[in-house]
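The structure under discussion appears below in the form of structure tokens.
The values are calculated or read from the model by the stated rules, or taken from the named source; none is laboratory data. Just so we're clear, the structure is a prediction, and the values are computed from it rather than from any experiment. Backbone-built Cβ (ideal geometry, glycine too); neighbour counts: all protein chains shown.
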Amino acid sequence: MRLPVILSLAVLTCANCHGWGEPHRAITRAALESIPAEARARWALDQARLIREYCLYPDDYHAATGEQRARMRVYCEKPDGRLIHNVTWHRQDDIASLEYTLSALVAALRGGNTDSASMHAGVLAHFLEDSTCPAHALTPLDGPLSLIKELLPPPADKREIALHGVIERSAPAFSLSSRPPRSMGGSIPETARNLLERVYSAVRDNRANLLDLARALYRDDDAGADRFRLQGAVAGGELLADACYTVFQLAGQTPVSSPRFGQPPATEHVSAPRKDRALRASTRIPRLARSAGRPE
Ligand SMILES: [Zn+2]
Ligand SMILES: [Zn+2]
């Protein structure tokens with residue numbers, strides 16, 4: 001690809017790299033609620049603000065200025081100044097984002113610093129959820145999903161469709177309550193590696209679905225599109241549940257036994273094919289709309 005094209009895509013990507021608004025809150029809530037209540041009760045986390053506010057930090061950081069930006073910097077940037085937001089597909093940078101946030105979160109939990117722990121957990125949530133959002137399947141190379149419109153030209157009445165925004169404007173609600181969270185590793189580096197492996201795998205799943213997702217949107221089949229939105233949302237929720245569970249173990253707050261990453265899952269809900277899970281969830285739980293005014 002010629003350099004000017006790459007540069008123009010990079011600019012477009014920045015304008016389209018934000019998350020999927022209200023679904024962030026629903027995914028974060030589902031993830032936290034899947035962790036045993038007795039364990040959550042012992043955690044030094046402000047779960048209400050994490051769900052309402054902190055899981056949106058990387059999006060809000062774009063618009064933050066002055067004192068507010070300075071206050072958020074330690075959560076939304078790594079020490080080298082690079083942002084923690086969505087996977088970049090530069091493995092070293094993505095590992096650095098995860099290791100930095102996980103380490104800071106563990107340290108804050110050990111020190112009983114509830115506010116700091118909650119804000120780092122919010123950024124971790126956003127990173128995992130944004131990366132597994134189907135609209136971000138080609139981010140950072142092609143944020144607007146122009147390639148999909150080239151491979152699969154829209155019908156005349158959908159020629160101007162903004163695929164990225166349409167995909168991430170909402171997601172069906174779901175519950176992970178029947179899925180026990182799993183340990184992702186016994187150290188920060190191992191946990192970061194395992195998390196990133198699963199994030200990349202979920203993004204590849206989203207990429208494989210993109211043409212079918214676009215077909216559904218071209219024919220105004222929102223239920224068809226929801227199957228793929230839900231698949232991405234569930235992937236993000238499961239990742240966050242496992243990440244939080246592991247972090248609390250690493251902080252010395254081991255609550256209950258749970259299978260480690262790589263071991264067979266314990267419940268039918270976990271072992272069912274992802275698409276079947278998505279369909280079941282979408283039939284029993286109400287839809288959550290994207291909140292107005294959130295960035296695309
Ligand atoms: Zn975002
Ligand atoms: Zn987006």
Has segment 65-75 got at least one residue that is more than 21 Å from Glu238 (Cα to Cα) and of a type in the set (S, T, N, Q)? yes
Residue by residue through segment 114-140, note down the ones that are touching a Ser or Thr at 6+ places or on another chain (Cβ under 7 Å) and assigned to a loop (DSSP other than H, G, I, E, B). Thr139, Pro140
Of all residues being touching a Leu at 6+ places or on another chain (Cβ under 7 Å) and outside any helix (DSSP H, G or I) in segment 162-192, which is farthest from Leu32 (Cα to Cα)? Just the residue, please. Ser170
For a quick check of your reading of the model, give me the residue pairs whose first member lies in segment 135-162 and is of a type in the set (Asp, Glu), whose second is in a helix (DSSP H, G or I) and at pLDDT below 95, with beta-carbon atoms closer than 7 Å and at least 6 apart or on different chains. Asp142/Leu9
Going by the structure shown, is Leu195 in contact (Cβ under 8 Å) with a residue 60 or more places away in the chain and out of contact with any Ser or Thr (no Cβ under 9 Å at 6 or more places or on another chain)? no
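Filter segment 159-183 down to the residues that are among the charged types (D, E, K, R) and more than 16 Å from ligand 1 (Cβ to nearest atom) and list them by number. Steps first, please.
We begin by selecting, within segment 159-183, every residue among the charged types (D, E, K, R); these are 159-160, 168-169, 179, 182.
Result: Arg159, Glu160, Arg179, Arg182.
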Unmet criterion (only one of (1) part of a helix (DSSP H, G or I); (2) under 18 Å from the mean Cα position of the chain (by Cα); (3) not aliphatic (A, V, I, L, M)) for Glu67: (2)
Just checking, how many residues over segment 13-42 are within 16 Å of ligand 2 (Cβ to nearest atom) and at pLDDT below 80? 9
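Have a look at Ile51, Ile27 and point out the one that is within 13 Å of ligand 1 (Cβ to nearest atom) and either within 29 Å of Leu141 (Cβ to Cβ) or part of a helix (DSSP H, G or I) (or both).
Just a single option satisfies the conditions, and that option is Ile27.
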Checked segment 115-142 for anything within 11 Å of ligand 1 (Cβ to nearest atom) and of a type in the set (Gly, Ala, Ser); matches are Ala125, Ser131, Ala135
Here are some conditions: (1) among the aliphatic types (A, V, I, L, M); (2) surrounded by fewer than 16 Cβ atoms within 10 Å (Cβ to Cβ); (3) under 24 Å from Asp93 (Cα atoms). Met184 meets all but one. Which one does it not meet? (2)
Return the only residue of Leu196, Leu211 being surrounded by 14 or more Cβ atoms within 10 Å (Cβ to Cβ) and away from ligand 1 (no atom under 16 Å from the Cβ). Leu196
In this structure, does Asp205 turn out to be surrounded by fewer than 23 Cβ atoms within 10 Å (Cβ to Cβ) and part of a loop (DSSP other than H, G, I, E, B)? no
